[in-house]
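Notes for the one structure printed next.
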Amino acid sequence: MAARLELSTMATDAETFGPTRERLVTSEIAEMIYAPYNHTDKFGRVSDWLAEDERDGRGNRGETREKRERRERKEERAKDKAAANGGAGVETVFNFVADVVEEESFSLVDNATTRGSGRRDGGGGGRGGGRWNQFGGRGRGRGMTEEFARDLGVGAERERNRQARIQSRKAAQWNTWAYNRQQQQVHYSASVDIRPDWEVVEQIHFPEIIKQSHVLEDAQPEDLASYGSVRWFDKSYDRVTPKTEVPLRRRTDEPPRNLTASDDPIIQKYSESGAGNVFTTDNVLAAIMCAARSNYSWDILIRKKDGKMFLDKRNDGNFDLLTVSETAQEAITDDPDDMNGVPQLSQEGTKVNRAFVEQSLNSEKDAVKVGEPVPFFNEVETDSVAYKYRKWNVDEKTQLVCRCEYNGVSESKGMDKGKALTTLVKALNEFDSKVTGIDWRLKIETQRGAVIANELKNNANKLAKWTAMAMLVDAELIKLGFVSRTHPRDPNLHVVLNTQTYKTKDFAQQINLKESSMWGSLKLFLETCRKFEDGNYLCVKDPSKATLRFYKYEEKASVF
């Protein structure tokens, strides 16, 4: 008969795992190692394989009285917590309790290298060498610990330097953002007062203009007529330097002469003969082609009638005034009473430009006649200016007739020495080097590239319009005069510091002005205007937004 298998009685407990404590104490397994725990207990480490043996050769712990007292307090709290949770009250590896005192005494390791105290070891006063070391905490015997020594290698030093560079860049970005945020926002006024009864019929945003591109099928325009005469550029101004500066002679305060397309008798003749269906002047055309680079407000009149369109400036507007530091990073104030405000600088820049053109063109040498005398000039006026009336076929629907102008000729060098090169003469003016960023008197000779690059940043729109006008009239050269105030606080006295010469095509490439973008901007403008019915419209650049708005208005005597 086979032996019977009898199972012993298993003691269970509903609150804990394993046998009850009474069963554990009285049974044969009382001597077995067992650690009771609750369902809610959080496990710590099952086994610490990385812990170092802190016992000395005699089996005692090599610890100070402070560490021993801390360990005893920790053990007592662990027992109390285990008893409170229904456990056996025995200290085990599962009864992990955070030591608040130890947490408060913890401090981060300072990885920054500091100057040594003169000793190579970490020995110091106090029990166990517990002196305050360079890491912000209490020492742990003689010498630095192995874990601190790991942070002093070549790789650690390189990593600290990398982190320092990252923090430095973040700090610089924050400082720049905070500086720009604290800058006072300048709000410019509109070039014309918008009437409440004007209706907004259309608007064009600059991002849409920037994307435009159009290549003419016939890039060479048709020359319809030429009028006027121009003088030779004085070569002595090419040799002017800040050490040999030339005072700028002031002209009488006369308004700049720039007849509108509607008032030009020659354009009216071409309109009646049907030579084109869009009529304008080069300065208006350049403003449209370079509109995406403008910041200040400007406006253009649009007159549509019988399938023909006239693009004009307002006679009483500020369209003919040159802007100064329009695209500078630091905005110019719009205060009309400020000597360095937008209105005052525009008037000063316009007068300086006209005075430099008049002074730099040689009046002793015979002028070059381009064609018949200008019909809308009187006999007394002897300004150096020539007009070309040119026609472009922009697309199948647009035949553009434009009056283009240039104001001088220059003597060529090399193989064609003595040949007259059509030249557009203009002047840039410096009002305060602390505002503009570069002192022309110090940099114009040694760092010409830096000076012109700074001007391209501060006057991107003005230089682009001048270049566009030179390309429309087919001028071969652009002469830029650099005129500065004699004293930054005196806007009436100026001196010529230098003159630089550029080939038109090379300068257009330097400022990133493409003909396809110019004609693309114009085509978008004309396509927008074709949607309108016959009447009078006003295109206004918004003073605070990158937008062109088109208003419809009724023509009256006092409409503006």
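Side notes on the structure shown:
- Of the residues Gln359, Gln347, the single one that is open to solvent by 70 Å² or more (accessible area, probe 1.4 Å), at pLDDT 90 or above and not charged (D, E, K, R) is Gln347.
- For region 528-544, the criterion of a residue being of a type in the set (S, T, N, Q), surrounded by fewer than 20 Cβ atoms within 10 Å (Cβ to Cβ) and either over 22 Å from Val401 (Cβ atoms) or without any contact (Cβ under 8 Å) to a residue 12 or more places away in the chain (or both) is satisfied by at least one position.
- If you go through region 340-365 and pick out every residue that is within 19 Å of Gly437 (Cβ to Cβ) and touching a Pro at 6+ places or on another chain (Cβ under 6 Å), you end up with 1.
- Residue that is nearest to Lys462 (Cα to Cα), among those in region 261-313 that are in contact with a strand residue (DSSP E or B) (Cβ under 7 Å, 6 or more places away or on another chain) and hydroxyl-bearing (Ser, Thr, Tyr): Ser294
- Residue within region 424-431 that is touching a strand residue (DSSP E or B) at 6+ places or on another chain (Cβ under 7 Å) and more than 20 Å from Leu321 (Cα to Cα) present: no
- Per the conditions (1) under 36 Å from the mean Cα position of the chain (by Cα); (2) open to solvent by 80 Å² or more (accessible area, probe 1.4 Å), the sole criterion not satisfied by Glu222 is (1).
- Gly371 satisfies every condition listed in (1) closer than 30 Å to Phe525 by Cα; (2) in contact (Cβ under 8 Å) with a residue 24 or more places away in the chain; (3) open to solvent by 10 Å² or more (accessible area, probe 1.4 Å) except (1).
- Hits in region 488-513 - residues which are assigned to a loop (DSSP other than H, G, I, E, B) and closer than 19 Å to Ile288 by Cβ: Ile511, Asn512, Leu513
- Conditions (1) in contact with a Pro (Cβ under 7 Å, 6 or more places away or on another chain); (2) closer than 27 Å to Lys457 by Cα; (3) open to solvent by less than 20 Å² (accessible area, probe 1.4 Å): number failed by Pro336: (3)
The values are calculated or read from the model by the stated rules, or taken from the named source; none is laboratory data. Worth saying up front: this structure is predicted, and the values here are computed from it rather than measured. Here Cβ is always computed from backbone atoms with ideal geometry, including for glycine, and neighbour counts include all displayed protein chains. Please note that ligands, DNA and RNA were not included when accessible areas were found on the heavy atoms of the full protein model with its side chains. Shrake-Rupley method; radii C 1.70, N 1.55, O 1.52, S 1.80 Å.
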